[in-house]
């Protein structure tokens, strides 16, 4: 069902144009590569090596869901390398036949019945749905979750082969694990068939989905590198509106929560999505208490292409955001890029924003109980000194109370912070799987 790769070289040339990138020999085996020293928070202490120490019996190639699950072996911590070949769709049965949302229906659930039962005109807007149809929705969602949730254990490397390795519809659930590398994959259309209607969420209510493309909970030493995250068949603009609100079937693309720590997110493409990256899941309670001193993340040389919010939104952690490229097009829904959450310590430097002139630099930062953010070297809509914008000053001029620049730390784990004027020419052609040239 899956075959070990023995004494095989993966003929890949992985190179980056800036000093912040990494150049590897063409004959190196991609699965044996480890995070370079000093490359962000994931390089601290023992570093991040993933499954690079795997013996020949724990090197696999997966071409479908069943092979991927078998190779992971229920989170066994033995070092392992898994190469993904082609497209793996996880919304399939045990015979690898496609499943539709209707195939997950249980206990009398249908979308039509749910919409009838909880229409605000009859149910109202004061209470979250409850009763038999809500129970049926939860049961149906659980059936889909059993298909799409892929648990990943410690000491694991998962990498794509070729330029077209796709993980479709999956939730990579990394929890209570350490030392994981995920590289050179396209994560496409992670979607929830059964979002819950919450009429009390905001002034108009909202549909809330489960499943992130990748989520980290209580996990450490994780390197997420040279991947693409996108929605195509389930893109938001293709989805219907119910109760005058978008039927949102997506959650995050890379969420880092629940005391996770020492993570490097580098050279990825995040495209056409609402909520991209949440760091820290709660402002209070036991979860938040466990997050204090954790959630330390480095985010560098990523392309955020027409995303709405959370790029990232941060609670508690020391988060270094540098040399990223943000593209925000005219007419695109846009809320903010950097969310300053409670006790967050964001250190942002040398990032490039290309945005419509109807939008203002003051919109780039939003505040969620935070008080400080360090921002330096930001260019907006150009590559010369006249395009340098003090984002903190722009935010403070438009909002009260002011944020301060004192976040209490200075990053030391980095290869090099490139001049902002280089960012467009390094990130555009080199972010995403195999440094393929990025086409919009």
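The values are calculated or read from the model by the stated rules, or taken from the named source; none is laboratory data. Predicted, not measured: the structure shown is a model, and the values here were computed from it. Because the Cβ atoms are built from the backbone with ideal geometry, glycine has one as well, and the counts that use them run over all protein chains shown.
Before moving on, here are some points about what is shown:
- 3 or more residues within 13 Å of residue 403 (Cβ to Cβ): qualifying strands (runs of 3 or more DSSP E) within the range 332-381: 338-341, 345-349, 365-368, 373-376
- Residues located in the range 294-306, provided they are modelled with pLDDT of 95 or more and assigned to a strand (DSSP E or B): 297, 298, 299, 300, 303, 304, 305
- Out of 150, 174, sole residue that is in contact with a strand residue (DSSP E or B) (Cβ under 9 Å, 6 or more places away or on another chain) and crowded, with 20+ Cβ neighbours inside 10 Å: 174
- In the range 309-329, the residues that are at pLDDT below 95 and part of a strand (DSSP E or B): 328
- Members of the range 330-347 that are modelled with pLDDT of 95 or more and more than 18 Å from the chain's Cα centre (by Cα): 342, 343, 344, 345, 347
- Residue 422 meets the conditions (1) part of a loop (DSSP other than H, G, I, E, B); (2) surrounded by 17 or more Cβ atoms within 10 Å (Cβ to Cβ) in every case but one. The failed one is (1).
- A search for C-beta distances below 6 Å between a residue of the range 371-398 that is in contact (Cβ under 8 Å) with a residue 12 or more places away in the chain and any residue that is part of a loop (DSSP other than H, G, I, E, B) and surrounded by fewer than 17 Cβ atoms within 10 Å (Cβ to Cβ), counting only pairs 6+ apart in sequence or on different chains, returns 372/406; 374/405; 392/405.
For every residue, the table says whether it meets (1) more than 20 Å from residue 154 (Cβ to Cβ); (2) at pLDDT 95 or above; (3) buried (at least 24 other Cβ atoms within 10 Å of the Cβ).
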| residue | (1), (2), (3) |
| --- | --- |
| 206 | yes, yes, no |
| 212 | no, yes, yes |
| 218 | no, yes, no |
| 221 | no, yes, yes |
| 226 | yes, yes, yes |
| 238 | yes, no, no |
| 248 | yes, yes, no |
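- Criterion: under 17 Å from residue 249 (Cα atoms) and not in a loop (DSSP other than H, G, I, E, B) - qualifying residue of 114, 83: 114
- Options 105, 118: the member that is over 29 Å from the mean Cα position of the chain (by Cα), surrounded by 15 or more Cβ atoms within 10 Å (Cβ to Cβ) and closer than 22 Å to residue 207 by Cβ: 118
- Evaluating residue 145 against the criteria (1) surrounded by 20 or more Cβ atoms within 10 Å (Cβ to Cβ); (2) within 24 Å of residue 67 (Cα to Cα) leaves one unmet condition, (1).
- Single residue of the range 328-352 satisfying the filter (out of contact with any strand residue (DSSP E or B) (no Cβ under 6 Å at 6 or more places or on another chain) and more than 22 Å from residue 414 (Cβ to Cβ)) that is surrounded by the fewest Cβ atoms within 10 Å (Cβ to Cβ): 331
Residue-wise test of (1) surrounded by 19 or more Cβ atoms within 10 Å (Cβ to Cβ); (2) closer than 21 Å to residue 388 by Cβ.
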site	(1), (2)
292	no, no
305	yes, no
318	yes, no
354	no, yes
360	no, yes
365	yes, yes
371	no, no
375	yes, yes
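- Apart from one condition, residue 395 fits all of (1) surrounded by fewer than 17 Cβ atoms within 10 Å (Cβ to Cβ); (2) in contact with a helix residue (DSSP H, G or I) (Cβ under 9 Å, 6 or more places away or on another chain); the exception is (1).
- Total residues in the range 129-153 satisfying the condition of being assigned to a strand (DSSP E or B) and free of Cβ contacts under 8 Å to residues at least 12 places away in the same chain: the figure is 0.
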